[in-house]
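Colleague: I'd like to ask some things about the structure below.
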Amino acid sequence: MKTFFSRFPKIVVALIAQGIALIVLAGLVLLASYIVTPPYPLWVLVILQGVLAAFISCRIGLPCWWRIIQIALPIGLYLGLTYKVNPWLALGIFVVLWLVFFNAIKERVPLYLTNNTTREALKKLVKRRRNVRFLDLGAGLGGNVVYMSQLPNVQRSDGVETAPIPYLVARLFTLLRGGHIYAMDLWKTKVEYYDVVYAFLSPEPMEKLWQKLSNEMVSGSVFVSNSFAVPDVEPSEVWELNDSRKTKLYIYHI
Ligand SMILES: C[S@@+](CC[C@H](N)C(=O)[O-])C[C@H]1O[C@@H](n2cnc3c(N)ncnc32)[C@H](O)[C@@H]1O
């Protein structure tokens, strides 16, 4: 949803949402003081601040998954100050989170993982193909790459990943169980080598990704996007899976 605030960096919009939430909270506290005599427990106010900020965030143009950050921010600050958490520990946690969710800020693509039902659907999709070369764009922890590498008709199963911790986990996983992971930006990946290219990203990069894939993938190959359709491009097929989130696979035959 585009709003007036969408022109600002996401972090600025997040802080604006916290600011608006603080003003609303101050108003609520003022009103409440006519009914219940203050002071109110600080932890209640902190939780309210987070909930209000989360509610406002979605409405002023932040992607809705930022709600989690907006709730966690005041609660984290409160806990940190109350229990006098060592600032180095807080910095350490921040760095680890940054190394895991590296692409959430840069590419607007956080880390979440493909489920087993979807992997079985991928297996079904490639069933009639032989010597399949599979690529996972943004391979996360490498689960899809390992899974596909173990199918008898898959000749090669590769993934690219730039978030440092997921890359290291995926590298280890594929070393032990099969497939290959490369520390490579998906925008620089040579996709023409692959018959089946899979992505589970976010709505944000889909238009640009399609420009790359439709130019570079060869005729007869297939692009599968988990959950996020390419805007204004009719998919060749849409598979709705029988899992709890009713996953949709958008399939584009090149
Ligand atoms: C939603 S996760 C999907 C992980 C895995 N493909 C799966 O389905 O289980 C998206 C992944 O893409 C990675 N990613 C985002 N932008 C990328 C880029 N430009 N180059 C490589 N990886 C990227 C993220 O770090 C994240 O691990």
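Colleague: Once every Cα of the stretch 20-73 carries one equal point scatterer and solvent is ignored, give the base-10 log of I(q)/I(0) from the Debye formula at q = 0.12, 0.13, 0.24, 0.28 Å⁻¹, two decimals.
Modeller: With one equal scatterer per Cα and no solvent, log10 I(q)/I(0) is -0.30, -0.34, -0.87, -1.04.
Colleague: Do me a favour and compute the ellipsoid semi-axes for the stretch 124-254 from its Cα gyration tensor, root of five times each eigenvalue, largest one first, whole Å.
Modeller: Numbers: eigenvalues 91, 56, 48 Å².
Each semi-axis is the square root of five times an eigenvalue, giving 21, 17, 15 Å.
Colleague: Lysines near LYS190 by alpha-carbon distance under 22 Å, same-chain residues fewer than 8 away left out - which ones?
Modeller: Straight-distance partners of LYS190: LYS106, LYS208, LYS212.
Colleague: Let me ask you something else. What ³J(HN,Hα) values, in whole Hz, does the Karplus curve 6.51 cos²θ - 1.76 cosθ + 1.60 give for the stretch 64-78 when θ = phi - 60°, with x put for Gly and Pro?
Modeller: For the stretch 64-78, the Karplus-derived couplings read 5, 5, 5, 4, 4, 5, 5, 6, 5, 4, x, 5, x, 4, 4 Hz, x marking Gly and Pro.
Colleague: Two-decimal Rg/Rh of the stretch 79-124 from alpha-carbon positions, Kirkwood Rh?
Modeller: Details: Rg = 17.2 Å, Rh = 13.4 Å.
Rg/Rh: 1.28.
Colleague: Taking the Cα centre of each part, how many Å lie between the stretch 11-72 and the stretch 228-254?
Modeller: 36 Å
Colleague: Follow-up question, since we're still on this one. May I ask you to compute the full-extension gain from ILE68 to LYS2, defined as 0.36 nm times their residue separation minus their alpha-carbon distance, rounded to one decimal in nm? Intermediate values should be presented prior to the final figure.
Modeller: Numbers: separation 66, 0.36 × 66 = 23.76 nm, distance 2.02 nm.
Extending this stretch completely gives an extra 21.7 nm.
Colleague: What full-extension length gain, to one decimal in nm, is calculated for TRP88 and ILE254 as 0.36 nm per residue of separation minus the Cα-Cα distance?
Modeller: Details: separation 166, 0.36 × 166 = 59.76 nm, distance 5.04 nm.
Stretched out fully, the TRP88 to ILE254 stretch lengthens by 54.7 nm.
Colleague: Sticking with this one: Through the Karplus equation 6.51 cos²θ - 1.76 cosθ + 1.60, θ set to phi - 60°, convert the phi angles of the stretch 143-157 into ³J(HN,Hα) values in whole Hz; use x for Gly and Pro.
Modeller: Karplus values, whole Hz, x for Gly and Pro: x, 5, 5, 5, 4, 5, 5, 8, 7, x, 8, 9, 7, 8, 10.
Colleague: Considering only the chain, what is the antiparallel percent among its DSSP beta bridges, to the nearest 5?
Modeller: Details: 9 of 26 bridges.
Counting only bridges with both partners in the chain, antiparallel ones make up about 35 percent.
Colleague: Something else now. For the stretch 169-245, report the translational diffusion coefficient in µm²/s to the nearest whole number, using Stokes-Einstein at 37 °C, 0.692 mPa s, and a Kirkwood Rh over Cα pairs.
Modeller: Working: Rh = 14.3 Å.
Result for D is 230 µm²/s.
Colleague: At most 12 other Cβ atoms within 10 Å plus a DSSP loop assignment makes a site exposed; report the longest stretch of the chain without any exposed trypsin sites (Lys or Arg not before Pro). Before the final figure, lay out each step's value.
Modeller: Values: sites that count: LYS2, LYS84, LYS127, ARG128, ARG130, LYS190, ARG245, LYS246.
In the chain, the maximal stretch lacking such sites is 3-83.
Colleague: Next question. Regarding the stretch 1-101, what are the three Cα extents along the principal axes, ordered largest first, in Å?
Modeller: Largest first, the stretch 1-101 extends 47, 39, 16 Å along its Cα principal axes.
Colleague: Tell me, rounded to the nearest percent, the portion of alpha carbon pairs in the stretch 214-254 spaced more than 17 Å apart. All intermediate terms of the calculation are to be shown ahead of the outcome.
Modeller: Values: 261 of 820 pairs.
Here the long-distance tail beyond 17 Å is 32 percent of all Cα pairs in the stretch 214-254.
Colleague: Pick from TYR147, TYR83, TYR182: which is most flexible by mean-square fluctuation in a GNM of the chain where alpha carbon atoms under 10 Å apart are linked?
Modeller: Maximum fluctuation in the GNM of the chain, among the listed residues, is at TYR83.
Colleague: Rg and Dmax in Å for the chain, alpha carbons only: what are they?
Modeller: Reported Rg and Dmax, both Å: 22.2, 74.
Values in this text are rule-based calculations from the coordinates and carry no lab data. In this text the structure is predicted, and so the values were computed from the model without any measurement. Cβ coordinates were reconstructed from backbone atoms using ideal geometry, including for glycine residues, and neighbour counts include every protein chain displayed.
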